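One structure is given below, encoded as structure tokens.
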Ligand SMILES: [Ca+2]
Ligand SMILES: [Ca+2]
Ligand SMILES: [Ca+2]
Ligand SMILES: [Ca+2]
């Protein structure tokens, strides 16, 4: 197990220190199956594409104290069609908490889903660029990231979102449009057309807050080496790699 992480760890350490001219080393590689029929986004996971896709765990504690399965558990599926990446996320959370009504303030302290996308799988820094996106999806459906303006902005037109919550269980269904790293917030760019064999940098996370001043846990989909695991919002090297297949 450890052996598999050593090259990734070495490359990550090197990349974080100099970050020039080195592409990300692929890790947490997942094949994503094509669907001709996009899922109906209604929070009901009975679509044909979900029947064909495997569950993946959302279980890496990136930040916060150890948590129990009653506090949080999550898993997800992915699929793709020509115009979007599709995500099904099943979450059990004992309390849904929208701490901050303003979507552009302290958005990470609300219960929210975070979707990390690096369209060309380049890796590298992206905090103040669109080399990669870190979409924070709030309970109210707002989508926030920080771009070249260094201010939070809404990217609600990049994602189509449905959530259906019954008791502690929420089913999120989303279709995510992919944009190139030349994206510059003037809305002039077109979404990327997806094709088989394409590689995409990807990670998923959930901010769990059940009523505290700050979020209690930040739970991600990929293993991050080292003590500070909360790196995805700055550096796309920690993202896993999706490979689009037929
Ligand atoms: Ca559906
Ligand atoms: Ca919880
Ligand atoms: Ca990139
Ligand atoms: Ca919660």
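Listed by position, the strands (runs of 3 or more DSSP E) enclosed by the range 69-161 that each have at least 1 residues that are within 14 Å of the chain's Cα centre (by Cα) and in contact (Cβ under 8 Å) with a residue 60 or more places away in the chain are 72-81, 84-93, 112-118, 133-138. The residue that is nearest to ligand 3 (Cβ to nearest atom), counting only those in the range 66-94 that are surrounded by fewer than 22 Cβ atoms within 10 Å (Cβ to Cβ) and more than 24 Å from residue 167 (Cα to Cα), is 84.
Return yes when residue 160 is farther than 18 Å from residue 60 by Cβ and in contact with a strand residue (DSSP E or B) (Cβ under 6 Å, 6 or more places away or on another chain) and no when it is not.
For residue 160, the condition - farther than 18 Å from residue 60 by Cβ and in contact with a strand residue (DSSP E or B) (Cβ under 6 Å, 6 or more places away or on another chain) - is met.
Where a number appears in this text, it was derived from the coordinates with a stated rule and is not lab data. Fair warning: this is a prediction, and the values are worked out from it, not measured in the lab. Every residue, glycine among them, receives a Cβ derived from its backbone with ideal geometry; neighbour counts consider all protein chains shown.
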